[in-house]
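The values are calculated or read from the model by the stated rules, or taken from the named source; none is laboratory data. Since the model is a prediction, treat every value here as computed from it, not as a measurement. Cβ placement follows ideal geometry from the backbone for every residue including glycine, while neighbour counts extend to all protein chains displayed. Please note that ligands, DNA and RNA were not included when accessible areas were found on the heavy atoms of the full protein model with its side chains. Shrake-Rupley method; radii C 1.70, N 1.55, O 1.52, S 1.80 Å.
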Amino acid sequence: MARKSFFRPPAAAAWLSVLALFGAQPGSTADFVPKQSNFTQSAGLARAMNRVVFNMAQNEGHMISLATLFASGTLKKNGTHDLARKVSFASLTGQDESTLWYGIIFSPEPNGDYFNQWMYNVGASYWGQAPATYQGVATSPFYYEEGGASWACAGSAYHGWAWNMSSACLKSYWMQTGTSNLIQPYFYGYHFKPWERPWAREIQGTDGDRWLTSSVALWTSIPYIAGITWISDSEHGETIGVINTGKGLGPIEDILASEANREDGERIMVVAASTKLLVASSLPGVSWLEISPYVAEQVHVINCTDDIIRSVGSVLDSRGWPVGTLDSPYTFLTDDYAHVVSTAILPRVSEHMEFSDPWIFVSVFPTKCPAGTIVDVMSGTCLDCPKTYDSPPGQVRCIWCDELYYFNDNTATCESCPDHATCPGRDGKPIPDE
């Protein structure tokens, strides 16, 4: 597959001006409230989106930097693997633990062989905590793996047993503290074919750089999404492989939690646009079900264990997604609560990388106002009904009338009780005197 090399850093405006992406899918408020903004809620959702974009853009920047080195000829498919390892190590140094790894996987050779290498971050170890020393050398919390389809492993001295693999061996190395130097010999080897991984199957036949957000996977019980950037050589611009990163979702959920008004019951969630599966939410642990340390099942929004998230998911499922934009919230009623909903679509983090399944950011703000008051969707506070009007709890309009008045369905107003009749108030109609 031939493809021009167009690697470039993500434009700052692409992730500092996320608000320009809002409003692509207008919502509807026809049944309940006039179009108006809940400023506080919308501002929190906008900040959450901007912060998530900023957090993920760091990963993109490092992947693009690696790809640029291949496009310029500094790194090559054959012969510069040590330098690529050093660049990957430098990319991970100083990043938070949510960046789990950077991997480089080259396209197979005519004989079917390929080379792949992986640099793992602090706290992302498949093997657990590194020993203090290995082969008499102080170790780093980072570790490194490399292998190929025709590589053979001789076994593992560190783990005390020999695992002989005839092909597709991936060798694991501890690293010298403070450097990218490997400590020989490798401490483990195992069978691994990266091009058969789910994320690799998903990107084969495509030529776009993307976040593979259609599924959430687990890495030692850490939920993550994969990012892919194709790499091209400098001479022909032909695709020679991909750069892969694992991005932990913990910091994204932390961002959502910090922007949601938890005391007032607000929820902020991220939902995959096509599948309606939860990616993350301001309530940790409700978006996926861990089957094993490496297998997670994403939770459909209508099956979430949280009542509020499940309710908004059911309503939006029935009305069609998304409903209620930042400048036009949507409100629905359940169990004496008025839920003010705002949504916004995020199709990409930058101009360079899009989501394989766009993210819908959803904010839902439940408010329970007592009888005689209504929810003001502008502020999320309770306002008294006007004179002669009344309401049941948790409403957005005053739909009852005071005693001595009745609700005229034709004019949609409370009117004085007619002569020779009794008006009990609330939703009662005039009762003629006997």
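Structure above, values below:
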{"read-out": "Test: Ala226 is small (Gly, Ala, Ser), within 15 Å of the chain's Cα centre (by Cα) and either surrounded by 22 or more Cβ atoms within 10 Å (Cβ to Cβ) or modelled with pLDDT of 90 or more (or both)", "value": "yes"}
{"read-out": "Residues being at pLDDT below 80, among the acidic types (Asp, Glu) and over 28 Å from the mean Cα position of the chain (by Cα) - total across segment 349-386", "value": "1"}
{"read-out": "Search result, residues across segment 387-412 that are among the hydroxyl-bearing types (Ser, Thr, Tyr), open to solvent by less than 50 Å² (accessible area, probe 1.4 Å) and either touching a Phe, Trp or Tyr at 6+ places or on another chain (Cβ under 6 Å) or at pLDDT below 90 (or both)", "value": "Thr388, Ser391"}
{"read-out": "Residue in segment 417-434 that is modelled with pLDDT under 85 and either of a type in the set (D, E, K, R) or in a strand (DSSP E or B) (or both) present", "value": "yes"}
{"read-out": "Single unsatisfied condition, Gly79 versus (1) small (Gly, Ala, Ser); (2) modelled with pLDDT of 80 or more; (3) over 19 Å from the mean Cα position of the chain (by Cα)", "value": "(2)"}
{"read-out": "Top-ranked residue in segment 246-258 [being of a type outside the set (Val, Ile, Thr) and assigned to a helix (DSSP H, G or I); ranked as most open to solvent (accessible area, probe 1.4 Å)]", "value": "Asp254"}
{"read-out": "Strands (runs of 3 or more DSSP E) contained in segment 269-348 and holding at least 2 residues over 21 Å from Pro223 (Cβ atoms) and modelled with pLDDT of 85 or more", "value": "337-348"}
{"read-out": "Every residue from segment 403-414 that is in contact (Cβ under 8 Å) with a residue 12 or more places away in the chain and part of a strand (DSSP E or B)", "value": "Tyr405, Tyr406, Phe407, Cys414"}
{"read-out": "Qualifying residues in segment 417-434 (those that are open to solvent by 80 Å² or more (accessible area, probe 1.4 Å) and without any contact (Cβ under 8 Å) to a residue 24 or more places away in the chain) - the one nearest to the chain's Cα centre (by Cα)", "value": "Lys429"}
{"read-out": "Residue in segment 203-212 that is open to solvent by less than 40 Å² (accessible area, probe 1.4 Å) and assigned to a strand (DSSP E or B) present", "value": "yes"}
{"read-out": "Hey, Thr74 out of contact with any helix residue (DSSP H, G or I) (no Cβ under 8 Å at 6 or more places or on another chain), within 22 Å of Asp209 (Cβ to Cβ), of a type in the set (Val, Ile, Thr) and surrounded by fewer than 17 Cβ atoms within 10 Å (Cβ to Cβ) or not", "value": "no"}
{"read-out": "Filter result (hydroxyl-bearing (Ser, Thr, Tyr) and not in a strand (DSSP E or B)) within segment 124-151", "value": "Ser125, Tyr126, Ser150"}
{"read-out": "Whichever residue in segment 259-290 is in contact (Cβ under 8 Å) with a residue 60 or more places away in the chain and open to solvent by 70 Å² or more (accessible area, probe 1.4 Å) and, among such residues, is nearest to Leu346 (Cα to Cα)", "value": "Ser274"}
{"read-out": "Segment 37-54, residues that are in a helix (DSSP H, G or I), modelled with pLDDT under 85 and open to solvent by less than 10 Å² (accessible area, probe 1.4 Å)", "value": "Gln41, Gly44"}
{"read-out": "Failed condition for Tyr114, given (1) within 27 Å of Glu60 (Cα to Cα); (2) under 30 Å from the mean Cα position of the chain (by Cα)", "value": "(2)"}
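Residue by residue, here is whether (1) open to solvent by 10 Å² or more (accessible area, probe 1.4 Å); (2) closer than 22 Å to Asp233 by Cβ holds:
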site	(1), (2)
Met56	no, no
Gly61	yes, yes
Leu66	no, yes
Lys86	yes, yes
Phe89	yes, no
Asp96	yes, no
Ser107	yes, yes
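The rows are residues; the columns are (1) modelled with pLDDT under 90; (2) not polar (S, T, N, Q).
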{"site": "Ser91", "(1), (2)": "yes, no"}
{"site": "Asp96", "(1), (2)": "yes, yes"}
{"site": "Asn111", "(1), (2)": "yes, no"}
{"site": "Ala130", "(1), (2)": "yes, yes"}
{"site": "Ala138", "(1), (2)": "no, yes"}
{"site": "Tyr144", "(1), (2)": "no, yes"}
{"site": "Trp151", "(1), (2)": "yes, yes"}
